[in-house]
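This report refers to the structure that appears directly beneath it.
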Amino acid sequence: GQDFWADLNAMTVFETTEFDQLRRLCTPPCRNTSSIYNTFWKFFCRDHFGWREYPESVVRLIEDANSQGLKEVRFMMWNNHYILHNSFFRREIKRRPLFRSCFILIPYLQ
C-alpha cells in the first residue's frame, strides 16, 4: 500500500505524483437505513486541548436543530454547558464525513 498526506479543508493530496486532488462522495444523511452509501457525519470542535469529537447524542441534537431551522442548540458536554447559535460561533466547529476507504466500498460498486 501507499501512504499519502491529505488536506481535507483544501481537498488536496501531498507526497504523490499519482493523485493531485481529493473528492468527497456525499449523500444525504439517513438514519433509517444501513446502506453503505449513506454519508455519516462527525462533528468536531476546537478547544484548548485541540480538536475533539462531539458525542453522537450531541450530533443528533445539532442535526435535528439544523433540519428544524432552530437558531440555537443547548447541551452539556465535558462538564460544561454549551449554546450553539446559527448566527455566530464562539468555538470553531467542523463537520466532516466519516471516511470510508475505497477498499471497503469495492464490493458494493459496479
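Name every residue in the range 67-88 that is outside any strand (DSSP E or B), modelled with pLDDT of 80 or more and surrounded by 10 or more Cβ atoms within 10 Å (Cβ to Cβ), in order of residue number. Correct list: Leu70 only.
The set of residues in the range 94-104 that are surrounded by 10 or more Cβ atoms within 10 Å (Cβ to Cβ) and at pLDDT below 75 comprises Phe99, Arg100.
The values are calculated or read from the model by the stated rules, or taken from the named source; none is laboratory data. None of these values were measured; they are calculated from a predicted model. Cβ sites come from the backbone with ideal geometry, for glycine too, and all protein chains shown count toward neighbours.
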